[in-house]
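Reading through the structure tokens given below for one structure.
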Amino acid sequence: MRCDDIRQLLSAYLDDQLTDAERQSLEAHLTKCPDCQAELELLRQAMALVGDLDEVELPEGFSRQLHARLVAAQPQKVSSLAGWGQRIRRNLGRPNWRTLVAAAACFILLFSTNLVLNPSRAAYIWWGDQPVGIKTEGDPGRVMGLSGTPDSGELATKSSQTGLAPGAEGQGGGAAESEQAESEKIIKTATMQVRVASMAEAVQGVRRIVAEAGGRIERESIGSQADRRSGASYVLRIPAEKLDPTLDNLARLGEAVSRSVVAHDVTQQYIDIRARLETLCIQEQRLLEIMRKADKVEDLLRIESELWRIRFEIESATRQLLYWNDRVEMSTVHLELEEVDDALKIKGGGFLGELGRILMLNVKRLGRLLLEMVKFSVAALPYLLIVLVLWLVGWHFWRRRRSPAG
Amino acid sequence: MNVGEEQLVARAQRGDVAAFEELITAYQKKVFNLAYRMVGNQEDASDLAQEAFLKAFRAMPDFKGQASFSTWLYRIVSNVCLDELRQRRRRQTISLDEPLQLEDEPLPRQVADSGDGPEEILERREVQEIVQQGIGELGDDHRLALILRELQGKSYQEIAEITGCNIGTVKSRINRARLSLKQLLVERELLNNCYVEINKPAAEGGTR
């Protein structure tokens, strides 16, 4: 055996913990190796020094003090309920500040994970919005220039008259043209987002403005959004010529975040369909005349079926024209209202004012965040219960391992 | 466990302070000494010993009599000491500017009278101080194993039960503790110089 191996055995040799074989080879080595002998002697001496350490007497009053503490720790005769509490407390151990900090950290981690997973709730720290420009999409020239360029064609239209009499009972072409029919057919759709301080006031304002413009509200939905701010969304129909002033009025309800108008020119399609309608009407007249002259049942049936087909096409073309007319006359406005925190009501004050607003707002949001935390902890209770049970079980086993079960 | 101890255990488990005190009479001094050698000063040792006894008293209902009461008690004491040392180290890493406090306290004030003259006592004190310092420089687990073996006279089996390790680990801990302590004492010139001289070339020259 090498000296290194021998030296690992010396300690056990001192305590007589070697197997016979180990002891024999060690003793054989020692007789040959003075180094290892010296090493063993050193170990012996060192341990002799350790063993020579004096036993220290108990400090004065040790037993007395211990007695007092034992008596204080003596379990009182307690009701079974309190006994249960005591047992739970003993089982839980006394949670020290480290456990508490760890628990709090876990809670915050869970909570923030949840915030990240629900992005709508994530925006709790707010340091002001980026300035938003108001943009106008589409072709502004067209949007603004509703100048009523006369329609070039001689083509007559039935437009609204056709609508009143869908059957088109032979009123023929060349009917009176309305002014509108001659102009360009441009459908304008506006989208606007407005931040308002008070939702209730804004809702009243929208209704008033729409009524003044002679428009109507097609859809109105007011309610809370996912991130708990209240908001409203509208689909408004506003007479085309009053669109821009109305948008201006709506913007004055609060702060317009975005505003866009898209103009869609359908003039060409409109003319095409109108021309087709014209042809279909003439065809219809002819078929009617032929039918009057026909006397064979077979012919009659064939004309009849052809007539049906043409009437169906007339109807669908008429509907399309009516739809376009409606869209052109009344522009559609998609309006989104969003209520913002009160702090935003206070405007101005320069940079300091803005800082103040930001601070106020975040204090409010912090309050909301705390409320969210309370709600979250209640929501997490079922999971916490599972964790608690696991912890108790884990603690039980851990303690089993650390201290003898008896 | 004899019948008398069994009865005492049963009474102590019901919260009988007197029975518990009787049960631990034989261990008070040993436990205090174990704590003292672990932490190196009397005040802390006294606190730790009391804490350990209190813990044991509270945990009495959990004592099922599978191990001996002594082993069970020693296990609690060991854990209390190791926890304290761990916490102490954590505190030290936090307060870096606080000077590392080695045992500046003079040796045990109340030593048993060994019947030596004043000079011998003084020398003994110095030697003991150095040995205690050396023990203090060992790792916690090694120190515990060494103290249990050398100062408390526990067998390897008992140490294994107290520390919750297997015998192989105990063997290796004691071995390493002894080797390190020997080395420390050689460096502090407490051990026979002649052997040191012999030992040196061997240590420098490797295994041969």
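Is it the case that the range B:145-157 has a residue that's modelled with pLDDT of 90 or more, more than 8 Å from chain A (Cβ to nearest Cβ), open to solvent by 50 Å² or more (accessible area, probe 1.4 Å) and on the phi < 0 side of the Ramachandran plot?
Checked the range B:145-157: at least one residue is modelled with pLDDT of 90 or more, more than 8 Å from chain A (Cβ to nearest Cβ), open to solvent by 50 Å² or more (accessible area, probe 1.4 Å) and on the phi < 0 side of the Ramachandran plot.
Residue check: is residue B:45 touching a Phe, Trp or Tyr at 6+ places or on another chain (Cβ under 6 Å) and open to solvent by less than 10 Å² (accessible area, probe 1.4 Å)?
Yes.
Tell me which residues, restricted to the range A:24-48, are within 7 Å of chain B (Cβ to nearest Cβ) and open to solvent by 40 Å² or more (accessible area, probe 1.4 Å).
Of everything in the range A:24-48, those that are within 7 Å of chain B (Cβ to nearest Cβ) and open to solvent by 40 Å² or more (accessible area, probe 1.4 Å) turn out to be A:34, A:41, A:45.
Could you give me the residue pairs with C-beta distances under 8 Å whose first residue belongs to the range B:28-47 and is within 7 Å of chain A (Cβ to nearest Cβ), whose second residue is aromatic (Phe, Trp, Tyr) wherever it lies, and which are 6+ apart or on separate chains?
Pairs found: B:28/A:62; B:28/B:53; B:32/A:62; B:42/B:36; B:46/A:62; B:46/B:32.
What number of residues in the range B:158-182 are facing chain A (nearest Cβ under 9 Å) and more than 20 Å from residue B:72 (Cα to Cα)?
10
Would the range A:6-16 turn up any residue that is within 30 Å of residue B:123 (Cβ to Cβ) and free of Cβ contacts under 8 Å to residues at least 24 places away in the same chain?
Within the range A:6-16, one or more residues are within 30 Å of residue B:123 (Cβ to Cβ) and free of Cβ contacts under 8 Å to residues at least 24 places away in the same chain.
Does the range A:359-376 hold any residues that are open to solvent by less than 40 Å² (accessible area, probe 1.4 Å) and touching a helix residue (DSSP H, G or I) at 6+ places or on another chain (Cβ under 8 Å), and which are they?
A:361, A:372, A:376
Under 9 Å by Cβ, and 6 or more places apart or on different chains, what pairs join a residue from the range A:193-215 that is modelled with pLDDT under 85 with one that is open to solvent by 50 Å² or more (accessible area, probe 1.4 Å) and hydrophobic (A, V, I, L, M, F, W, C)?
If the second residue must be open to solvent by 50 Å² or more (accessible area, probe 1.4 Å) and hydrophobic (A, V, I, L, M, F, W, C), the pairs left are A:199/A:222.
Only one residue in A:196, A:257, A:206 is of a type in the set (A, V, I, L, M), open to solvent by 20 Å² or more (accessible area, probe 1.4 Å) and within 30 Å of residue A:361 (Cα to Cα). Which one?
Numbers: A:196 fails: open to solvent by 20 Å² or more (accessible area, probe 1.4 Å); A:206 fails: open to solvent by 20 Å² or more (accessible area, probe 1.4 Å).
Checking each option against the conditions leaves just A:257.
The rows are residues; the columns are (1) in contact with a Phe, Trp or Tyr (Cβ under 8 Å, 6 or more places away or on another chain); (2) over 25 Å from residue B:181 (Cα atoms); (3) open to solvent by less than 20 Å² (accessible area, probe 1.4 Å).
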| position | (1), (2), (3) |
| --- | --- |
| B:9 | yes, yes, yes |
| B:13 | yes, yes, no |
| B:23 | yes, yes, yes |
| B:30 | no, no, no |
| B:58 | no, yes, no |
| B:63 | yes, yes, yes |
| B:71 | no, yes, yes |
| B:85 | no, no, yes |
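If I go through the range A:390-405 residue by residue, how many of them are open to solvent by 80 Å² or more (accessible area, probe 1.4 Å) and more than 30 Å from residue B:159 (Cβ to Cβ)?
Number satisfying all stated conditions: 2.
Is it true that some residue in the range B:62-69 is more than 7 Å from every other protein chain (Cβ to nearest Cβ), under 22 Å from the mean Cα position of the chain (by Cα) and part of a helix (DSSP H, G or I)?
Yes.
Filter the range B:142-174 down to residues that are of a type outside the set (Ser, Thr, Tyr) and not in a helix (DSSP H, G or I) and give me whichever is nearest to the chain's Cα centre (by Cα). It would help to see each step written out before you state the result.
Quick first cut of the range B:142-174, residues of a type outside the set (Ser, Thr, Tyr) only: B:142-154, B:157-162, B:164-168, B:170-171, B:173-174.
Those left that are additionally not in a helix (DSSP H, G or I): B:152-154, B:164-166.
Numbers: B:152: 8, B:153: 11, B:154: 11, B:164: 16, B:165: 17, B:166: 19 Å.
Filtering the range B:142-174 for residues that are of a type outside the set (Ser, Thr, Tyr) and not in a helix (DSSP H, G or I), the one nearest to the chain's Cα centre (by Cα) comes out as B:152.
So, residue A:162, is that one modelled with pLDDT under 80, of a type in the set (Val, Ile, Thr) and in a loop (DSSP other than H, G, I, E, B) or not?
Values: modelled with pLDDT under 80: yes; of a type in the set (Val, Ile, Thr): yes; in a loop (DSSP other than H, G, I, E, B): no.
The answer is no for residue A:162.
Residues checked against (1) in a strand (DSSP E or B); (2) closer than 18 Å to residue A:275 by Cβ:
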{"position": "A:302", "(1), (2)": "no, no"}
{"position": "A:322", "(1), (2)": "no, yes"}
{"position": "A:325", "(1), (2)": "no, yes"}
{"position": "A:335", "(1), (2)": "yes, no"}
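State which residue is nearest to the other protein chains (Cβ to nearest Cβ) when the search covers only the range A:9-23 and only residues that are surrounded by 16 or more Cβ atoms within 10 Å (Cβ to Cβ) and not acidic (Asp, Glu).
So the residue we want is A:11.
The values are calculated or read from the model by the stated rules, or taken from the named source; none is laboratory data. All figures in this text were calculated on a predicted structure; none of them were measured in a lab. A quick note on method: Cβ atoms are made from the backbone with ideal geometry, for glycine too, and the neighbour counts reach across all protein chains shown. Remember, those area values only see protein heavy atoms, side chains included, never the ligands or the DNA or RNA. Shrake-Rupley method; radii C 1.70, N 1.55, O 1.52, S 1.80 Å.
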